[in-house]
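Engineer: The structure under discussion is supplied below as structure tokens; questions concerning it will follow.
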Amino acid sequence: MALKWFCRRSLLKEIIDESLIDRIPGRQNDRKTLLGELNWIFTAVTDTVAWNVLPRELFQRLFRQDLLVASLFRNFLLAERIMRSANCNPISHPMLPPTHQHHMWDAWDMAAEICLSQLPQLFLDPNAEFQPSPFFTEQLTAFEVWLDHGSEHKKPPEQLPIVLQVLRSQCHRFRALVLLGRFLDMGPWAVDLALSVGIFPYIVMLLQTTTIELRQILVFIWTKILALDKSCQVDLAKDGGHKYFITFLDSSDAFPEQRAMAAFVLAVIVDGYKLGKESCLKANLIGVCLGHLEAPQLCDQPAEPLFLQWLCLCLGKLWEDFLEAQVMGREENASEKLIPLLSEAQPEVRAAAVFALGTLLDVGFDSGKGVGDEEFDDDENIIAEDIIIKGLLDVVSDGSPLVRAEAAVALARFAFGHKQHLKSVAASYWKSQTNSLRTSFPSMAKFHDTGISTIVSSHMGSLARASTDSQPVPRKGRISSSPSSAPMHGSPLSDDCSLHSDSGIMHDGLSNGVVHTPRPLDNVIYSQCALVMFTLAKDPSPHIASLGRRVLSIIGFEQVVARPSKSSGKPGEAAPASHTPLAGLARSSSWFDMHTGHLPLTTFRTPPVSPPQTRVLSGLRRAISLEFRPHMLGDSGLADPLIGINGSERSLLPQSTIYNWSCGHFSKPLLGGTDANEERAAQREEKEKLAFEHIAKCQHSSSSGLNNIPIANWDTKFEMGTKTALFHPFSPIVVAVDENERIRVWNYEEETLLNGFDNHDFPEKGISKLCLVNELDDSLLLVASCDGSVRIWKDYATKGRQTLVTGFSSIQGHKPGARGLYAVVDWQQQSGYLYASGELSSIMLWDLEKERLVKSASSESECSVTALSASQVHGGQLAAGFADGSVRLYDVRTPEWLVCATRPHQKAEKVVGLSFQPGLDPAKIVSASQAGDIQFMDLRRTKETYLKIGAHRGSLTALGVHRHAPVIASGSGKELIKVFNLEGEQLGIIKYHTSFMAQKIGPVSCLAFHPYQVLLAAGAAGSFVSLYNTQPPR
């Protein structure tokens, strides 16, 4: 009917008899014939008209749920077009929107004309070949044009139903799949549109094909679909689609990134779906994944991190709550193949490996175990668990909160399965400790005067002894407990919760019923596990600390979170930081991002004159994207309470976050993303240019000195004075911190307080250093505490918007007998290294790109490190000052870590300040001791000092050295600041504030120069921070 009506209205009526329409050669279901081609085009056109005009739900109901109904309404659309031309209106109830004037009907007319024009030749010559219509090729081209210019905010591509029809044709299929993949990559909205048009059954059907060139694009399309709608796992498992992806995963010709997508698809198939788990287990998914994990280790070649990550996640999801798969994993020595991944460079790989290892642990309440099954493979289980736990204990001190969170979750599983044994060991340990340990926990802090003076690892000996003295535990058996209907000892919100006795803190935490208890491991393992559980409960990251307290609650310890420190309530002060569970962690601003197409590490494109070549950490894109599940922490930030009357034992266990977070990678565009990078690069280039201009000015401002009159005085309201200060390089902002780790941010041009917050809520306070990470990008504030904890903040200059990006402990272990850590740290932007030391005989080198400890090298001295300075010109160079007045130069790039050592300060006074001199010389250092002398050294040429300044007499408290200008400043406890040039000439002295009474500045506590301006911030024991420059005061 459509063709006859068209012929009567077209010029073809003069050359084609209407009777030929009924004799068109071919079959309707054969798209290689003329009749099949026309039927195919008509179906595509009517579907496209309906999809673009009708509401989505109505389109699904009329054109996708039933073939007969779809055929009926295609005819209805045709009837509306024909009858409208005769001034008649077809009726439907309810009434459908008009479709007769849609421009796709013009495309149908053109295609029909091209096809029907071949009719006379086909009848005259039986051997003539039918030439297919260019309709589908042209529509795919139109779709490709839309992909080049379209977006979520523009009109959807009207050719999407045609793409679906094209998938049914081999000649256009590959191009259609490629274009469809590009469309799906635009975001979840594009996947939703494709599913609404009915593309799913066609994609399922294509998994039956064996065409090699389609495999990669099909895996990509399924990756994008499952990243949005994981319910498709049911159809994949039911139709045997998992075999397609296992085969692709095991293929040697596919790229690792593509096989990572196949591993993702398989992980989704087995995620919480028993049929999917059983199907993949039978198809040897474990053997395939373990084979690929082992291959790089055997051939000693680096593997693609994303591939390793998803192999681990796939195995973990298969083992999760599936005993049969866990047994098979143990039989294939899976733990031994996963342990090496715990030292991988990328934190995502390490976290995924920890997750996989954790799912292999026996939780102890598997419903599939019968009464007589307790001895089933107990020896093998003990060996496997021993390997896993020893691996987990090594990563508890990892620099990435992502890894530590997974370690805490895995230890919670282990604690649940071995709670009886751990409870006894931990109880003995707790009772054997002094008050110093208990005050380190927030719940105990307010009842003791002094804080913890050593980190938990120093208690290892007493813990091991406590474990041997504890009561013996039955080797096997069943335990049960009475109903825990009574309230726990001390509510998390009560003030007297920590006044209970030690025995009151302990509780059982079990609900009614019988619980399977695995056979015990060695007591040393339990001792080490209890130790790291206490360590996790004091983690610098609030989320990890909460997980640690949750683990302790499983073995019977109730730890309560400290209330946030109350602000002083003084006018103009911003609210304290709210330690949400790392809220707002987004890959748009994280540590180095492996896969999302963000800018790689960049360098200055000029010779390293100044500023030095700078490595830019891409804003902590990993850490800030890690959005932990809300149910893991309550609204108050407390660990979930122990089970009560209606609780379940499984609810005690915290849930892993690495899998859901990793899935987010595939829901983002994988094929583009250059626009944001170009904008970021342009902003960075502008800052580079500005930096060079200021550096040139600094290098020619050698003799003017500083004015005695400050350009600004900032009353910080600090009760204990300013401990350290820091300038923002490109904004008129100065950051100050006091001894209680209260951070305040001030705009010195507008003289306004921008923000104020507490670094943390733990009772141990003490600040060590402030640094800026990524000063040429969106800078992050690195805050190092005296106990070695490092916390990094973003949006620190916006009131109430500060977000804790990451936190970790930079120091592990210290000298026996040392009273505290007294950590000293410094950050080196060019290399991406953070150096840390203190009351220990080694210097820790952390790679913040990889979020891991790269090196723990001996300081080659018996004295404690009191000052560190990393070169900002020569990456890898580090100078350290010691308590005995000695100075050492190190270089991580050389085989010999220690370059040279000298003792410029003859008096046995500690080095207070240390810095590389401005300029390019790699070994010129300025060192100041507490005795008051400032020494200038060239460690490369001679170990003797070439210049000495007697700046102060036994009272030097602070040293400031400008990064580029030839000027240094020293502060004294005798209430004065002296300014010198690099030749030792005194350029000025500052003693008084500019008040009417000419009050003295007070004992100087910190000095900090602006990196690109001759501008000095001076903090004293009082509450004022004064700013001095070389220009006349305003």
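The values are calculated or read from the model by the stated rules, or taken from the named source; none is laboratory data. The structure displayed is predicted, hence computed values, not measured ones. Cβ coordinates were reconstructed from backbone atoms using ideal geometry, including for glycine residues, and neighbour counts include every protein chain displayed. To get the accessible areas, we keep the full protein, side chains included, count just its heavy atoms, and leave off ligands, DNA and RNA. Shrake-Rupley method; radii C 1.70, N 1.55, O 1.52, S 1.80 Å.
Engineer: Under a Cβ-only charge scheme (Lys and Arg +1, Asp and Glu -1), can you give me the dipole magnitude of region 850-896 about the Cα centre, in debye to the nearest 20?
Structural biologist: Here region 850-896 has a charge dipole of around 280 debye.
Engineer: Through the Karplus equation 6.51 cos²θ - 1.76 cosθ + 1.60, θ set to phi - 60°, convert the phi angles of region 306-311 into ³J(HN,Hα) values in whole Hz; use x for Gly and Pro.
Structural biologist: Computed from phi, the couplings for region 306-311 are 5, 5, 4, 4, 7, 5 Hz.
Engineer: Pull up all non-local amide H partners of Leu868: gap of 5 or more, or a different chain, and H-to-H distance under 5 Å with H placed in the peptide plane.
Structural biologist: Here the answer is Gly881, since their amide H atoms fall under 5 Å of that of Leu868.
Engineer: Moving on. Enumerate by residue number the GluC sites (Glu not before Pro) in region 723-791 meeting two conditions: DSSP loop (anything except H, G, I, E, B), and at most 12 other Cβ atoms within 10 Å of the site's Cβ.
Structural biologist: Within region 723-791, the qualifying GluC sites (Glu not before Pro) (loop, at most 12 other Cβ atoms within 10 Å) are Glu749, Glu750, Glu751.
Engineer: Determine the sum of side-chain charges near Val288: Lys and Arg each +1, Asp and Glu each -1, restricted to other residues whose C-beta is under 12 angstrom from that of Val288.
Structural biologist: Neighbourhood net charge equals -1.
Engineer: Continuing with this model, one more query. Return the subset of Lys769/Lys924; Lys769/Lys948; Lys769/Lys907; Lys717/Lys978; Lys431/Lys769 for which the Cα-Cα distance in this structure is over 30 Å, preserving the input order.
Structural biologist: As for pairs spanning more than 30 Å Cα to Cα, those are Lys431/Lys769.
Engineer: Using the Karplus equation 6.51 cos²θ - 1.76 cosθ + 1.60 (θ = phi - 60°), what ³J(HN,Hα) coupling, rounded to whole Hz, does each residue of region 53-69 give in order, writing x for Gly and Pro?
Structural biologist: 9, 7, x, 4, 5, 5, 4, 4, 6, 8, 10, 10, 8, 8, 5, 5, 5
Engineer: Work out how much length Leu947 to Ser169 would gain on full extension: take 0.36 nm times their residue separation and subtract the Cα-Cα distance, in nm to one decimal.
Structural biologist: Net length gain for the segment: 271.7 nm.
Engineer: Oh, and also: Pulled fully out, how much extra length does the chain show between Glu57 and Ala696, if you take 0.36 nm times their separation in residues and subtract their Cα-Cα distance?
Structural biologist: The span from Glu57 to Ala696 would gain 223.5 nm if fully extended.
Engineer: Before I look further, what does region 880-1034 give for accessible area per residue, probe 1.4 Å, in whole square angstrom?
Structural biologist: Heavy-atom accessible area per residue stands at 41 Å².
Engineer: Would you grab the residues whose amide H sits under 5 Å from the one on Ser1005? Only those 5+ places off in sequence or on another chain, please, with H modelled 1.01 Å from N.
Structural biologist: Placed amide hydrogens put Gly1019, Ala1020, Ala1021 under 5 Å from Ser1005.
Engineer: Sorted by packing (mean other beta-carbon atoms within 10 Å per residue), highest first, where do 878-885, 36-43 land?
Structural biologist: Final packing ranking: 878-885, 36-43.
Engineer: What shape does region 133-212 take by its C-alpha gyration tensor, where a ≥ b ≥ c are the square roots of the eigenvalues and a/c under 1.5 counts as rounded, a/b above b/c as prolate, and the rest as oblate?
Structural biologist: It comes out oblate by the Cα gyration axes.
Engineer: Just subtract the alpha-carbon distance of Cys88 and Gln118 from 0.36 nm times their residue separation and send over the number in nm, one decimal.
Structural biologist: Extending this stretch completely gives an extra 7.5 nm.
Engineer: Cα to Cα, under 25 Å, and not fewer than 8 places away if on the same chain: which lysines meet these conditions relative to Lys668?
Structural biologist: The reachable lysines, counting only those whose Cα sits under 25 Å from Lys668, are Lys154, Lys155, Lys224, Lys230, Lys317, Lys794, Lys850.
Engineer: May I ask you to evaluate 6.51 cos²θ - 1.76 cosθ + 1.60, the Karplus curve with θ = phi - 60°, for each residue of region 229-239 and list the ³J(HN,Hα) values in order in whole Hz, giving x for glycine and proline?
Structural biologist: Karplus values, whole Hz, x for Gly and Pro: 10, 7, 5, 5, 4, 5, 5, 5, 5, 5, 8.
Engineer: Give me, ordered by chain and number, the residues 5 or more places off Asp787 or on other chains with an amide H under 5 Å from its own placed amide H.
Structural biologist: Counting only residues 5 or more places away or on other chains, the set is Ala823.
Engineer: Quick check on packing: order 208-218, 111-121 by the mean number of other C-beta atoms within 10 Å, highest mean leading.
Structural biologist: Taking the mean over residues of other Cβ atoms within 10 Å, the ranking is 111-121, 208-218.
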